[in-house]
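J.: Quick one: the structure is below, questions incoming.
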Amino acid sequence: MKVIVIGGVAGGPSFATRLRRLNEQAEILLIERGDYISYASCALPYYLGDVITDLDSLVERTPEVFKSKNNIDVLVRHEVTAIDPATKSVTVKNLTTGEVFQEKYDKLVLSTGTRALLPPIKGIETVANGRVLRNVTDAARIKSFIATQRPKKATVIGAGPAGLELAENLHALGMTVTVVDQLTQVAFPYDPELAAIVEAHLTEKGLKLLLGKTVVEIQDAGQTLCLNDGTVLPTDLLIFATGVRPNSELAATAGLKLATNRRIIVDEKLATSAPDIYAIGDVIETKSYITGLAVPSLLASAANRQGHLLADIINGADWTYHGYIGTGIAKIFDLTVSFVGYTEHMLKAAGITNYKTILITPFDHSYFYPDAKRLNLKLIFEVETGKILGAQAVGERGVDKCIGELSTAITGRLTVFDLPNLELPYSPPYSTTRDPINTAGYVAINQLKRTALTIKVSDIPTTDFATAFFLDIREADRPTMGTVKATKNIPLSELRERLAEIPMERKVYITFRKGLNPYNAARILAGNGIEAVLIEE
């Protein structure tokens, strides 16, 4: 059996090495048009910021290592220019010599990934100080530019998590960094209440954020950016982090079935529409493990696992790919941001409306142990069943643990009704006696059973701001929180004695505060015949 793999980085090498461990007789050829076959692409921003100083350490395997250790043939700087499913052959071009030749296959695996999606900006073709960061070669070029040109001002176009990682690392080199994005929030697709925390932190760290703005023209070979509001922004270094598009042209010309987003459609065996051709990684569209809907498969971790699974399938195992959950994480200065499954942005785009959300702000470990910090955790779940649809978290510590636990819960088909029963490790330096995941379950159940109702500020009816009663339950020595002006402040410690001050004929909201106190206030009011709604921010 001869197996050809097109594309390196995560999925392709994972598949090839796993197949070799399973099958010593298979002939395996891996073809990559770039300079490197296997490297840690997610670590490249940290190389720019001098957190990682040895670029070679990010190259996980060389062609020589693949051959000597795994008996896998590798061709770098070679591009597959055509696939002929009828003859089961590919046309290959040597990008160094120009030589063109054919290779036959029994099985073909496409792991062609994505490439940078550059916006249609006037003058973008003239840029001399601009770069994208997609691979080791890009990282080396940017690093060389920084070393020789010593830029003082850097601009990152794109305020998604990848752009913010780049901005942080350029800032660490002493540059003044501006981030421009056409959206009005950072860190999309995180939801606005989590993104607002990240935005405040970025501003505190000294980044300049130009949100809701676009670059309409680039002048002076990239040193002058003209924005749609008339702003003229000088810059010495320009980095594009404006998204990606799938490298699916090869599949399209071969007649493989593509989705409307141009990704390759695969089935539960990761097979394409053509016999003996499979696809993995960022280039494919698969199904959501959570909803069963079609979704793109993103992130190196998913590609790696798909490659491992596909090797077993091609070697004869009767296994299936159960679908993509989607779990990501990023370091943004002192904060960690992480998600699993769907955000509200994504649910709305998919037309899913039968869900509820809760936002809790527990401490990351016991409050009495030094340096406890608030953890902001949002949980999204289905109304009818309590099925977990997604979660997001932002904080300084404990974020990765919470999202990892929820990803495991989703994989195990647990619902919010199961979360209070999870027995999670506790010690004061690491967690709380009631883990944040347990607390999220309790609060979600309260929502479903209408024990405590919550609402986002944006969902409060306009008329209610004029007619409702907004109760602030903070104690006298505590600062105000949130954006909603209170009608009256009645400290929680005095609430039972001052119930007569709350009008029974008006709708009652409890203004935003972190912690358990708003819920306790709602239960006191409910026990006395007053239904109150907690405001989330």
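The values are calculated or read from the model by the stated rules, or taken from the named source; none is laboratory data. Model, not experiment: these values are computed from the prediction. A quick note on method: Cβ atoms are made from the backbone with ideal geometry, for glycine too, and the neighbour counts reach across all protein chains shown. Heavy atoms of the whole protein, side chains included, go into the accessibility calculation; ligands, DNA and RNA do not. Shrake-Rupley method; radii C 1.70, N 1.55, O 1.52, S 1.80 Å.
J.: Viscosity 0.692 mPa s, temperature 37 °C: Stokes-Einstein D of the stretch 18-165 from its Kirkwood Cα radius, in µm² per second?
T.: Answer, rounded: 181 µm²/s.
J.: Taking H placed 1.01 Å from N in the peptide plane, check which residues at least 5 places from residue 534 or on another chain put their amide H under 5 Å from its amide H.
T.: 453, 454, 455, 510
J.: Shifting gears a bit: Once fully extended, how much extra length lies between residue 371 and residue 118, figured as 0.36 nm per residue of separation less the alpha-carbon to alpha-carbon distance?
T.: Here the segment from residue 371 to residue 118 would lengthen by 86.8 nm.
J.: OK, next. Can you list, bin by bin at 10 Å, the percent of alpha carbon pairs in the stretch 18-61, starting at 0?
T.: Spelled out per bin, shortest first, that is 22, 36, 26, 14, 1.
J.: D for the chain, whole µm²/s, Stokes-Einstein with Kirkwood Rh over alpha-carbon pairs at 25 °C and 0.890 mPa s: what number?
T.: The Stokes-Einstein estimate is 95 µm²/s.
J.: Grab the other residues whose beta carbon is less than 15 angstrom from that of residue 202, score K and R as +1, D and E as -1, and report the net.
T.: Around residue 202, the surrounding residues sum to -4.
J.: Suppose each label sits 7 Å from its Cα in the direction of the beta carbon; what would the residue 413-residue 126 distance come out to in nanometres?
T.: Once both label points are built, they end up 6.1 nm from each other.
J.: Moving on. Taking Cα atoms, how many degrees apart are the long axis of helix 11-22 and the longest axis of the chain, rounded to 10 and kept between 0 and 90?
T.: 70
J.: Got a sec? Charge dipole of the chain, +1 on Cβ for Lys and Arg, -1 for Asp and Glu; which of 439, 299, 176 is way out at the positive end?
T.: 439
J.: I've got another one for you. Based on Cα positions only, what radius of gyration and what Dmax would you give for the stretch 293-358, in angstroms?
T.: Radius of gyration, then largest Cα-Cα span, for the stretch 293-358: 15.7, 47 Å.
J.: If amide hydrogens are placed 1.01 Å from N in the peptide plane, which non-local residues have theirs closer than 5 Å to the one on residue 235?
T.: Here the answer is 224, 225, since their amide H atoms fall under 5 Å of that of residue 235.
J.: Take every DSSP beta bridge whose two residues both sit in the chain, then give the antiparallel share in percent to the nearest 5.
T.: 55
J.: In addition: Can you order the peptides 142-148, 261-267 by their average number of other Cβ atoms within 10 Å per residue, highest first?
T.: 261-267, 142-148
J.: In addition: Put 282, 400 in order of accessible area, largest first, 1.4 Å probe: what do you get? Please report the intermediate quantities before stating the final value.
T.: Working: 282 40, 400 95 Å².
Of 282, 400, the descending order of accessible area is 400, 282.
J.: While we're looking at this one, here's another question. Could you work out the Kirkwood radius for the stretch 139-253, taking every pair of different alpha carbons, averaging 1/r and inverting it, reported in Å?
T.: 15.0
J.: Taking the Cα atoms only, what angle lies between the long axis of helix 517-526 and the longest principal axis of the chain, rounded to 10 degrees?
T.: For 517-526 against the chain, the angle is about 50 degrees.
J.: Determine the gain in length on full extension of the stretch residue 294-residue 531; use 0.36 nm per residue of separation and subtract their C-alpha separation, reporting nm with one decimal.
T.: So the extension gain works out to 81.3 nm.
J.: Taking 2.2 N^0.38 Å as the expected size of a compact globular protein, what ratio does the Cα radius of gyration of the stretch 387-519 give against it, to two decimals?
T.: Numbers: Rg = 17.6 Å, N = 133, 2.2 N^0.38 = 14.1 Å.
Working it through for the stretch 387-519, the quotient is 1.25.
J.: Using 7 Å Cα-to-Cβ label points, what is the residue 140/residue 232 separation (nm, one decimal)?
T.: About 3.9 nm, to one decimal.
J.: Taking the C-alpha atoms of the stretch 263-320, how large are the radius of gyration and the largest Cα-Cα span, Dmax, in Å?
T.: 10.8, 29
J.: If I model a spin label as a point 7 Å beyond the Cα along the Cα-Cβ vector, how far apart are those points for residue 476 and residue 496 in nm?
T.: Between residue 476 and residue 496, the label points sit 2.0 nm apart.
J.: Tally Lys/Arg at +1 and Asp/Glu at -1 over every other residue whose Cβ is under 12 Å from the Cβ of residue 147; what's the total?
T.: +2
J.: Of the listed peptides 208-216, 377-385, 113-121, what is their order by residue-averaged count of other C-beta atoms within 10 Å, with the highest listed first?
T.: Those peptides, ordered most packed to least, come out 377-385, 208-216, 113-121.
J.: In addition: Largest first, please: the extent of the C-alpha atoms of the stretch 300-404 along each principal axis, to the nearest Å.
T.: Its Cα atoms span 55, 33, 22 Å along the three principal axes.
J.: Same structure, new question: Would you mind getting the Kirkwood hydrodynamic radius of the stretch 236-283 from its Cα pairs, rounded to one decimal in Å?
T.: 12.0 Å is the Kirkwood radius here.
J.: Let me ask you something else. Given that compact globular proteins tend to follow 2.2 N^0.38 Å, what is the ratio of the alpha-carbon Rg of the stretch 381-431 to that value?
T.: 1.22
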